[in-house]
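Peer 1: Okay, handing you the structure first.
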Amino acid sequence: MKTRDKIILAALELFNESGEPNITTNHIAAHLGISPGNLYYHFRNKEEIIHSIFDQYAHDLSIHFQPLEHAQITADNLLVYLDSVFMLMWRYRFFYANLPDILQRDPELQQKYLAAQEGLHKDIMAMMASFRSGGLLDIEEDELENLATTLKLVASSWIFYQTTQAPGAKITKAVLYQGVLHILGIVRPLTTAEGKAQVLQLKAHYREQIEKDI
């Protein structure tokens, strides 16, 4: 692995473990056993590292949120889909946890974030439309926009919200699984009989995962 890639990977690990505000470039260099000068050869500052991590995140986001085809809409495939989304949130959890602060101090990164969110919104809209046409959602077409916006809002802010609920709150996999359950709870009242059956299967799975992680 190239040194530049090692720096990105180490920074992501440290940001997730200790919180991005608490980690400096010196911490990252020490973690890798390299000199600060070696790190600065690849990145001028921490902000450039964060940009590189975000570029990876935006790329992963565009892949994992691709809408399923009608033939793929089964409980098993939905589980694989939700798990891939969950792992994405887990991998980049520091960004979700510190989102307002990170974006406020970096206007260029905020523009990148808005572009990624626009793409995410379109993908969620396409997914909800696919569920509707596949007989899983009982919702009018003109209501899809509000549903997509609500789901995106919950997914994007869940980790940050959880960090505010108790001093020193720690983000675990169980916390993220609870977010998935919350999303399923929003969708369930809007589903058909077939859709409800699939949602119940998914909720049972994630409750089991929470029990394992606690």
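Peer 1: Examine the stretch 148-157 for a residue that is in contact (Cβ under 8 Å) with a residue 12 or more places away in the chain, surrounded by 14 or more Cβ atoms within 10 Å (Cβ to Cβ) and over 30 Å from S18 (Cα atoms), and state whether such a residue exists.
Peer 2: Yes - at least one qualifying residue is present in the stretch 148-157.
Peer 1: Now for a different question. Regarding V85, is this residue open to solvent by 20 Å² or more (accessible area, probe 1.4 Å) and either in a helix (DSSP H, G or I) or at pLDDT below 85 (or both)? Spell out how you get there, then give the answer.
Peer 2: On the way: open to solvent by 20 Å² or more (accessible area, probe 1.4 Å): no; either in a helix (DSSP H, G or I) or at pLDDT below 85 (or both): yes.
Taking the combined requirement at face value, the residue does not satisfy it.
Peer 1: Tell me whether the stretch 8-29 contains one or more residues that are over 23 Å from L99 (Cα atoms), in contact with a helix residue (DSSP H, G or I) (Cβ under 6 Å, 6 or more places away or on another chain) and modelled with pLDDT of 95 or more.
Peer 2: Scanning the stretch 8-29, I find at least one residue that is over 23 Å from L99 (Cα atoms), in contact with a helix residue (DSSP H, G or I) (Cβ under 6 Å, 6 or more places away or on another chain) and modelled with pLDDT of 95 or more, so the answer is yes.
Peer 1: List every residue pair whose Cβ atoms lie under 8 Å apart, where the two residues are 6 or more positions apart in sequence or sit on different chains, the first residue falls within the stretch 86-99 and is over 23 Å from L202 (Cβ atoms) and in contact (Cβ under 8 Å) with a residue 12 or more places away in the chain, and the second residue, located anywhere, is among the small types (G, A, S) and surrounded by fewer than 21 Cβ atoms within 10 Å (Cβ to Cβ).
Peer 2: Once the first residue is over 23 Å from L202 (Cβ atoms) and in contact (Cβ under 8 Å) with a residue 12 or more places away in the chain and sits in the stretch 86-99, its partners that are among the small types (G, A, S) and surrounded by fewer than 21 Cβ atoms within 10 Å (Cβ to Cβ) give F94/G19; A97/G19; N98/G19; L99/S156; L99/S157.
Peer 1: If you don't mind, there's one more thing I want to ask. Taking the residues in the stretch 91-108 that are of a type in the set (K, R) and under 24 Å from Y177 (Cα atoms) as candidates, determine which candidate is surrounded by the fewest Cβ atoms within 10 Å (Cβ to Cβ).
Peer 2: R91
Peer 1: Same structure again: Test K152 against the criterion of being modelled with pLDDT under 90, assigned to a helix (DSSP H, G or I) and either closer than 17 Å to V85 by Cβ or of a type in the set (F, W, Y) (or both), and give yes or no.
Peer 2: yes
Peer 1: Which ones in the stretch 169-214 are outside any helix (DSSP H, G or I) and of a type in the set (A, V, I, L, M, F, W, C)? Explain how you work it out, then say what you get.
Peer 2: Filtering the stretch 169-214 down to residues outside any helix (DSSP H, G or I) leaves 169-172, 191-192, 214.
Passing the criteria: A169, I171, I214.
Peer 1: Out of the residues in the stretch 82-98 meeting the condition of being closer than 17 Å to L151 by Cβ and among the hydrophobic types (A, V, I, L, M, F, W, C), tell me which one is farthest from the chain's Cα centre (by Cα).
Peer 2: L82
Peer 1: With respect to G119, is the statement that it is assigned to a loop (DSSP other than H, G, I, E, B) and open to solvent by 20 Å² or more (accessible area, probe 1.4 Å) true? Spell out the reasoning first.
Peer 2: Numbers: assigned to a loop (DSSP other than H, G, I, E, B): no; open to solvent by 20 Å² or more (accessible area, probe 1.4 Å): yes.
No, not satisfied.
The values are calculated or read from the model by the stated rules, or taken from the named source; none is laboratory data. Just so it is clear, the structure is predicted and the values come from calculations on it, not from any experiment. We place every Cβ from the backbone using ideal geometry, glycine too, and count neighbours over all the protein chains shown. The protein model used for the area step is the full one, side chains on, heavy atoms only, and it has no ligands, DNA or RNA in it. Shrake-Rupley method; radii C 1.70, N 1.55, O 1.52, S 1.80 Å.
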